[in-house]
Amino acid sequence: MTPALPLAGLRVLDIASLYAAPLAATMLADFGADVVKVEPPAGDGFRGTKMWPVVARGKRSVVLDLRSPEGCAALKALVAKADVIVENFPAKVLAARGISWAELAAVNPALIMLSVSCFGQTGPYAGRPGSGTIGESFAGLTDLTGEVGGPPMLPSVPLGDAVGAMNAVIGAMTALYARDRHDGMGRQVDVSLYEPVLQILGQAMHLWSPGSSPTRNGSRLPGGGLRNVYATCDGEHVAISASTERHERELVQLTANSANIVDPDTQLAAWISAHTLAEVVDVLTRRAVPVTPVNDIDALLLDPHVLARESLARVSDPDLGDLVLVAPTPRLGRTPGRIRSLGPKLGADTNSVFLEWTGRSCSEIAGARGP
């Protein structure tokens, strides 16, 4: 008998759009929460794209027009029975529609409201539009990314959104614990997308001195030992991070005879360039030096370690085609998360959710509001 997932029974409303906030709700769904995605009548913007399973897997779908008073009244009926609501609307929009934090907390004092925005709910930039990419740049990560002497660069993935989603989940679980263990009260969790990026920059912060900010160093990490990406003789690349003195000593001893070179990084690059990827990984692994191939997704799908842990799943969907899905993380003993569906059909669960949560249909609640 399959044990219940760890968050089974937790009721979550996802009224958010785009990536970061819905991804946070998806992570809760992966571990068993009953996540209801509230969509506008035309559906979420990611519907029909390969991003749909990323932001909607494991969720149910309810259609509400939150631009209308009736839709907002119906939402409040669900809020009264919810544990968590996830949103990324501008605060002034929520206030104008009568579904601000204060108004929803009045409906359900035990509610946890995850409010995800680029700059947070307070401060002079609150209300400015933004995404994880804007958060990365504002927080200084973009300034530190790139080659020495070159321009700042953005990563090739929406890093700030994903990190922000994980931070939102931490906030949700912390607030739920405080509510259920301590005071029984709900909380608004103010999740900005730039502040989690500041956590990433912790190592760079210790290199700062007044008027002298750290600068771009390519793949190197100042004060972090030998760390770089190196080309092998068969056209592949490896990443190495010698984070201890022993690691660095092993590399220096191994490559000492490759050329009459003083700089350890250049010396290591010369040695690696004379060997194949398999040779480099084998030699350094036997010496317990951290090394890995620089994998692309095709390589990951064939990697024996990824296959053994089922870290990725390749799925063929009749509507979306070939998909690669990431397994829920982290892995819990006894009750690991799992992907329960690729995402709901639009509005497929409107009636069942309202009946289960409120005992009334959506039309009954909207009609009861009156003109």
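The values are calculated or read from the model by the stated rules, or taken from the named source; none is laboratory data. Computed from a predicted model, the values in this text were never measured in an experiment. All Cβ positions, even for glycine, are placed from backbone atoms using ideal geometry, and neighbour counts span all protein chains on display. Areas reflect the complete protein model, heavy atoms only, side chains present, ligands, DNA and RNA absent. Shrake-Rupley method; radii C 1.70, N 1.55, O 1.52, S 1.80 Å.
Structure values in brief
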| read-out | value |
| --- | --- |
| Principal axis dimensions, the stretch 60-107 - Cα atoms, whole angstrom, descending | 27, 21, 18 |
| Percentage relative contact order, the chain, counting C-alpha pairs under 8 Å, at least six apart | 20 |
| Accessible area of the chain belonging to carbon and sulfur atoms, whole % at 1.4 Å probe | 57 |
| Hydrodynamic radius of the stretch 69-192 per Kirkwood, over alpha carbon pairs, in Å | 16.0 |
| Stretch in the chain that is longest and holds no chymotrypsin sites (Phe, Trp or Tyr not before Pro) that DSSP places in a loop and that have at most 16 other beta carbons within 10 Å | 209-371 |
| Count of lysine pairs in the chain with Cα separation under 24 Å (8 or more residues apart, or interchain) | 14 |
| Gyration tensor (Cα) of the stretch 271-351, equivalent ellipsoid semi-axes in angstrom | 38, 17, 8 |
| Residue-wise HN-Hα coupling along the stretch 113-122, computed from phi with Karplus coefficients 6.51, -1.76, 1.60 (Hz; x: Gly, Pro) | 10, 8, 9, 9, 8, 5, 10, x, 8, 10 |
| Rel. contact order, % - alpha carbon contacts under 8 angstrom, at least six apart, the stretch 1-86 | 36 |
| Cα-projected label distance for Leu323 with Val93, points at 7 Å along beta-carbon direction, nm | 2.5 |
| In Å², nearest 10: area of Arg128 left accessible to a 1.4 Å probe | 130 |
| Alpha-carbon gyration tensor eigenvalues x 5, square-rooted, for the stretch 94-138, Å | 25, 11, 8 |
| Convex hull (Cα only) mean projected area of the stretch 230-371, reported in nm² to one decimal | 16.0 |
| Extension gain from Thr266 to Ala313, taking 0.36 nm per residue of separation minus the Cα-Cα distance | 13.1 nm |
| Stokes-Einstein diffusion coefficient of the stretch 182-314, Kirkwood radius over Cα pairs, 25 °C, 0.890 mPa s, in µm²/s | 137 |
| Net charge of neighbours whose Cβ lies under 13 Å from the Cβ of Arg331, counting Lys and Arg as +1 and Asp and Glu as -1 | +1 |
| The stretch 310-360: C-alpha gyration tensor shape, a/c 1.5 cut-off, then a/b vs b/c | oblate |
| The chain - mean residue ellipticity at 222 nm from DSSP helices (-39,500 (n - 2.57) per run, n ≥ 4, rounded to 500) | -10000 deg cm²/dmol |
| Relative contact order, percent, the stretch 256-367 [alpha-carbon distance under 8 Å, six or more residues apart] | 9 |
| Estimated FRET transfer efficiency when R0 is 51 angstrom, pair Ala278-Lys345 (beta carbons, to 0.05) | 0.65 |
| Kirkwood hydrodynamic radius (C-alpha pairs) into Stokes-Einstein, the stretch 235-300, 10 °C and 1.306 mPa s, D in µm²/s | 129 |
| Distance cut-off 26 Å, percentage of C-alpha pairs in the chain lying past it | 61 |
| Where the Cα pairs of the stretch 34-134 fall when distances are cut into 5 Å bins, in % | 2, 11, 19, 24, 21, 16, 6, 1 |
